[in-house]
1. May I ask you to list the residues in segment 134-172 that are touching a Lys or Arg at 6+ places or on another chain (Cβ under 7 Å), free of Cβ contacts under 8 Å to residues at least 60 places away in the same chain and buried (at least 20 other Cβ atoms within 10 Å of the Cβ)?
2. Which ones in segment 206-216 are near the ligand (Cβ under 9 Å from one of its atoms), more than 26 Å from Pro11 (Cβ to Cβ) and either assigned to a loop (DSSP other than H, G, I, E, B) or of a type in the set (A, V, I, L, M) (or both)?
3. Of everything in segment 1-58, what is among the aliphatic types (A, V, I, L, M) and farther than 25 Å from Ile163 by Cα? Give them in sequence order.
4. Is it true that Leu175 is closer than 23 Å to Lys16 by Cβ and either touching a residue at least 24 places away in the same chain (Cβ under 8 Å) or away from the ligand (no atom under 16 Å from the Cβ) (or both)?
5. Can you tell me how many residues in segment 26-47 are in contact with a Gly (Cβ under 7 Å, 6 or more places away or on another chain) and either free of Cβ contacts under 8 Å to residues at least 60 places away in the same chain or farther than 17 Å from Val79 by Cβ (or both)?
6. For segment 60-108, name all the residues that are in contact with a Phe, Trp or Tyr (Cβ under 7 Å, 6 or more places away or on another chain) and not in a loop (DSSP other than H, G, I, E, B).
7. Among (1) part of a strand (DSSP E or B); (2) crowded, with 18+ Cβ neighbours inside 10 Å, which single condition is Asp56 missing?
Amino acid sequence: MPPQLRVYVPPHPLIKHWLGVARDAATPPPLFKSAMIELGRWLTYEAIRDWLPTEDLMVETPLGSCTVTMVNPEVPMVVVPILRAGLALLEGAQTLLPLASVYHLGLVRNEETLEASCYLNKLPREFHPQTRILITEPMMATGGSIMMAMAELAKRGVDPAFIRIINVIAAPPALQKLGGNYPAVTIYTAMIDEEVNHQGYIIPGLGDAGDRAFGT
Ligand code: URA
């Protein structure tokens, strides 16, 4: 049977809380940015709980020795933030994954056609085959940006099963495109909203995540 897109909405009270703060139009930009950072942190926590490679080692304690389980630094972890709004989620992810390499991808949406185009691509030519990749993209509405990011990774030979997406709000058009093209990818999101308006904004959503995070 072909794999089916996995979309997790972790029932964590802090994720619900910070989503509420982010949705509120009265939240000022500095607090909105903090909410994004917290959502990045807690969604990453959920995404890596069964995914972060570990190894068993012997250590000497002050009083004896025992086996301990530690994060395996040999397996590369990568974060790909989609600029601009993915930068705030990255800040939260980095508090848990300080050793992860960060490859920025700058994508902008044409406001009329809603097509994404790339203005900055810092992805390497290829990745080590065991690399775990987290994409941070807060708003998945029409799916233009996330599909472009997935295509850039596919060009570099990355297996979608090694990719997890950290997202705040997802809408059906984006999920359908991901499911149809990259069903092995896994998504961790705070919420699924059902509607996208004619300007490509998620309803009720939280508005323009980049503008609100950076006060523009
Ligand atoms: N990008 C945003 O920032 N908000 C949306 O609702 C959709 C895309």
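Nothing in this text is a laboratory measurement; each read-out follows from the coordinates by a stated rule. Everything numeric in this text was worked out from a predicted model, so none of it was measured. Methodologically, a virtual Cβ is constructed for each residue, glycine included, from the backbone with ideal geometry; neighbour enumeration extends over all protein chains shown.
1. Gly143, Gly144
2. Of everything in segment 206-216, just one residue is near the ligand (Cβ under 9 Å from one of its atoms), more than 26 Å from Pro11 (Cβ to Cβ) and either assigned to a loop (DSSP other than H, G, I, E, B) or of a type in the set (A, V, I, L, M) (or both), namely Asp208.
3. If the condition is that a residue be among the aliphatic types (A, V, I, L, M) and farther than 25 Å from Ile163 by Cα, then Val21, Ala22, Ala25, Ala26, Leu31, Leu57, Met58 are the ones that fit.
4. Working: closer than 23 Å to Lys16 by Cβ: yes; either touching a residue at least 24 places away in the same chain (Cβ under 8 Å) or away from the ligand (no atom under 16 Å from the Cβ) (or both): yes.
So Leu175 passes the test.
5. Summing the residues that are in contact with a Gly (Cβ under 7 Å, 6 or more places away or on another chain) and either free of Cβ contacts under 8 Å to residues at least 60 places away in the same chain or farther than 17 Å from Val79 by Cβ (or both) in segment 26-47 gives 4.
6. Val78, Val80, Leu96, Gly106, Val108
7. (2)
Table: residues versus (1) in contact (Cβ under 8 Å) with a residue 24 or more places away in the chain; (2) surrounded by 10 or more Cβ atoms within 10 Å (Cβ to Cβ); (3) aromatic (Phe, Trp, Tyr).
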residue: Arg49; (1), (2), (3): no, no, no
residue: Ser65; (1), (2), (3): no, no, no
residue: Pro76; (1), (2), (3): yes, yes, no
residue: Ile82; (1), (2), (3): yes, yes, no
residue: Ala85; (1), (2), (3): yes, yes, no
residue: Ala88; (1), (2), (3): yes, yes, no
residue: Glu91; (1), (2), (3): yes, yes, no
residue: Leu99; (1), (2), (3): yes, no, no
